Structure formats: structure tokens, C-alpha cells
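The values are calculated or read from the model by the stated rules, or taken from the named source; none is laboratory data. All of these numbers come straight from a predicted model, not from anything done at the bench. Neighbour counts are summed over all protein chains in view; Cβ atoms, including those assigned to glycine, are modelled from backbone coordinates with ideal geometry. To get the accessible areas, we keep the full protein, side chains included, count just its heavy atoms, and leave off ligands, DNA and RNA. Shrake-Rupley method; radii C 1.70, N 1.55, O 1.52, S 1.80 Å.
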Amino acid sequence: MLMAVGLAGAGWMTIEELRYLEPVELDRKPYPMRRVDLDPIEARNGVEYFGKVKLRIYIQKGGSVDHVDVVNSTLPPDATQKAVKAFANTQWEPGMKSGRSRRSVNVVEVNFEAPTPGIVRPLSSPPR
């Protein structure tokens, strides 16, 4: 049975059109229209932070982001919110099913890698 609902100013839509489709339900998954650049997490009081954040991004059929949920995060809260904001402000190519743009969900995991210790060298070497 196909049910339809009326939305003020939006006409009639089926229940199927109202829900966000998961990636496995789509013929083509949504993807960002531009690269999402995130700044490294700033060190505080000599402590360097690293970790991962996993986000569920809810994308409208026009490509704008409706909302972002944090699935889990090992980042400081302010770094997590910067990641949420960066993905929320990104325009997306929406997911497609049967040749039509659809509301969809995309799951993104961002890994802020641990700093790699390097070899410290003096700016100039003394003559030998």
C-alpha cells in the first residue's frame, strides 16, 4: 500500500519520499560537491590531540544538509563541533534511486592522526 501525505505548500509526497534512505538503499550514494577541509586540532597547554569522529549526515534531495548527528567521537568537544559545522555547511550531490534525487544519509568517519615524531635537527650544522 502506498500512502501519501499533504504538506503545506509542498504538494503530495509518499511516505517513501519523506524518509532518508540509507546508503545501501540507493543506486548512487551522496557525495560532497567540494572537498571538506578540516584544520588539524590545535595543541593546548603542550598537549597534542588526535582521534576520530563518525558523523551521520542527513541530506535533502536538493543537496543541502538537514542535520548532522555525531555517532561517536574521541575528539575534544570543540573539535567535534567544528567537524559537524564543516559537513553541515557543505553542498552535496544527493543520493539517487531509480533516476531521482532522494533524501539520504551519508556516514563519514574522519581520522585526525597522531603527530608523527620526527628527527630534530639544528638549523645549521657546525663545521667538521
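Which members of the range 51-64 meet the condition of being open to solvent by 30 Å² or more (accessible area, probe 1.4 Å) and within 20 Å of TYR20 (Cα to Cα)?
Those that are open to solvent by 30 Å² or more (accessible area, probe 1.4 Å) and within 20 Å of TYR20 (Cα to Cα): LYS54, ARG56, TYR58, GLN60, LYS61, GLY62, SER64.
In the set ASN111, ASN89, which member is within 15 Å of the chain's Cα centre (by Cα), modelled with pLDDT under 95 and open to solvent by 50 Å² or more (accessible area, probe 1.4 Å)?
Answer to the check: ASN111.
For the range 58-65, state whether one or more residues are among the aliphatic types (A, V, I, L, M), assigned to a strand (DSSP E or B) and farther than 17 Å from GLU113 by Cα.
For the range 58-65, residues among the aliphatic types (A, V, I, L, M), assigned to a strand (DSSP E or B) and farther than 17 Å from GLU113 by Cα: present.
Give the range 30-57 a look and list any residue that's in contact with a Pro (Cβ under 9 Å, 6 or more places away or on another chain), aliphatic (A, V, I, L, M) and outside any strand (DSSP E or B), or say none.
Of everything in the range 30-57, those that are in contact with a Pro (Cβ under 9 Å, 6 or more places away or on another chain), aliphatic (A, V, I, L, M) and outside any strand (DSSP E or B) turn out to be ILE41, ALA43.
Is there any pair linking a residue in the range 96-112 that is closer than 17 Å to LYS54 by Cα to one that is open to solvent by 50 Å² or more (accessible area, probe 1.4 Å) and in a loop (DSSP other than H, G, I, E, B), with Cβ under 6 Å and at least six apart or on different chains, and which?
VAL105/GLU22; PHE112/PHE50
May I ask you to list the residues in the range 66-84 that are part of a helix (DSSP H, G or I) and within 9 Å of the chain's Cα centre (by Cα)?
Once the filter is applied, which keeps residues that are part of a helix (DSSP H, G or I) and within 9 Å of the chain's Cα centre (by Cα), the range 66-84 yields ALA83, VAL84.
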